[in-house]
1. Which one of these is assigned to a loop (DSSP other than H, G, I, E, B) and at pLDDT 95 or above: 193, 210, 180?
2. What helices (runs of 4 or more DSSP H) lie completely within the range 233-319 and have 2 or more residues being touching a strand residue (DSSP E or B) at 6+ places or on another chain (Cβ under 9 Å) and under 15 Å from residue 213 (Cβ atoms)?
3. Under 7 Å between Cβ atoms, which residue pairs at least 6 apart in sequence (or on different chains) link something in the range 161-182 that is open to solvent by 90 Å² or more (accessible area, probe 1.4 Å) with a partner that is within 14 Å of the ligand (Cβ to nearest atom)?
4. Condition first: of a type in the set (S, T, N, Q), within 11 Å of the ligand (Cβ to nearest atom) and open to solvent by less than 10 Å² (accessible area, probe 1.4 Å). Now tell me which residues in the range 72-123 satisfy that.
5. Within the range 2-28, how many residues are open to solvent by 60 Å² or more (accessible area, probe 1.4 Å) and of a type in the set (Gly, Ala, Ser)?
6. Quick one: count up the residues across the range 253-305 that are acidic (Asp, Glu) and in contact with a Leu (Cβ under 9 Å, 6 or more places away or on another chain).
7. Can you name every residue in the range 150-188 that is within 13 Å of the ligand (Cβ to nearest atom) and over 24 Å from residue 100 (Cβ atoms)?
8. Can you find, within the range 48-70, the residue that is most open to solvent (accessible area, probe 1.4 Å) among those that are touching a residue at least 40 places away in the same chain (Cβ under 8 Å) and closer than 27 Å to residue 105 by Cα?
Amino acid sequence: MKVAFFSTKSYDRESFQNHLQDFGHQISFLDVQLDSRTVSLAEGHEVICSFVNDHIQKGILDKMAKLGIKLIALRCAGYNQVDIKAAKELGIKVVRVPAYSPEAVAEHAFALILTLSRKTHKAYNRVRENNFSLEGLTGVNIHGKTVGVIGTGAIGRAFCRIAKGFGCKILAHDVVENEEMKRIGVTYLPLKEVFAQSQIISLHCPLTPETKHLINAETLSFMQKGVALINTSRGGLIDTKAVIKSLKTKKIGFLGIDVYEQEEHIFFQNLSEEILQDEQISRLMTFPNVLITGHQAFLTKEALEQIALTTLKNITDFEEGKPLINEVVIS
Ligand code: NAD
């Protein structure tokens, strides 16, 4: 099939090109993000392949339908950026990569925890300046801490297994409880209880109308003083304004985020020569106990390969009229 591939980065091109021959699709790699202006570049293609910050709302979908696009192949797990209902009404199918390497994201969440808890981000810079002082570098153990996990899907479960290995007590909240997790000792509790009892909270649920700003002034008030907050899921789960307030009062002990609500115009680009206009992320970067990575939790060789293979297979299944096991369907 002819695929218009938006928001291409060098690592996408490499991982997809490694497997293209096996599937026989023709891909046009486009550097630009998908929006109402760039969608016209998909003319002559049947499939659009897009990533997390390509927002596909009704207006863009209308244009896609006119161009004859039949399938949107998301090369990511989350699909909150797509108006699925409007796509369905226009007869455009949407497929995704539900689980490419849950461990990649879970391990990154732990990388954020370990960096912040042992201040290796500060130590790295100090040592490079021949400053071998340990003043201000006192950390905390992870062993024995109570960790709250919100969402025990593929990534949340991988995260729980790692936390178990560290000797943590694990509390979880999910709309569906998982038996394997219960067997390894995870205790499911109501959300408020998980927030109240945890010293570290890691978010692994999707962004939906129900979970938007799950972390807000009210829910922060239930949490312990010095709570560590980790978000590798979606930026919109956190009300950034409320979190900044809680960092100022030291209610939050440290914050590690790989996602940010307004990341769309910032992440995945080199803006080192620009003046950043986003006041909230600028403020977050001033805190010594905040670590921000630019949506890289998925970025491992293993995950990229799996993303390419699943996306290409999704497109082949569509072409051959086979059941779309990775179709995004809403009730
Ligand atoms: P998943 O679908 O396997 O699991 C999501 C879990 O969240 C499910 O168990 C579901 O029941 C639960 N859930 C849904 N609504 C909930 C609610 N209101 N409260 C509590 N739990 C709820 O998804 P996954 O593969 O584990 O991915 C989780 C999220 O991680 C994705 O939605 C995506 O946004 C994010 N993600 C981020 C990156 C990254 O690079 N940072 C990469 C992949 C995925």
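The values are calculated or read from the model by the stated rules, or taken from the named source; none is laboratory data. Note that this is a predicted model, so its numbers are computed, not measured. Neighbour counts are summed over all protein chains in view; Cβ atoms, including those assigned to glycine, are modelled from backbone coordinates with ideal geometry. Side chains included, ligands, DNA and RNA excluded: accessible areas come from the protein's heavy atoms. Shrake-Rupley method; radii C 1.70, N 1.55, O 1.52, S 1.80 Å.
1. When all the criteria are applied, what remains is 210.
2. Where helices (runs of 4 or more DSSP H) fall fully within the range 233-319 and carry at least 2 residues being touching a strand residue (DSSP E or B) at 6+ places or on another chain (Cβ under 9 Å) and under 15 Å from residue 213 (Cβ atoms), they are 240-248.
3. Cβ pairs passing all conditions: 177/188.
4. 81
5. 1
6. 2
7. 171, 173, 177, 188, listed by residue number.
8. 55
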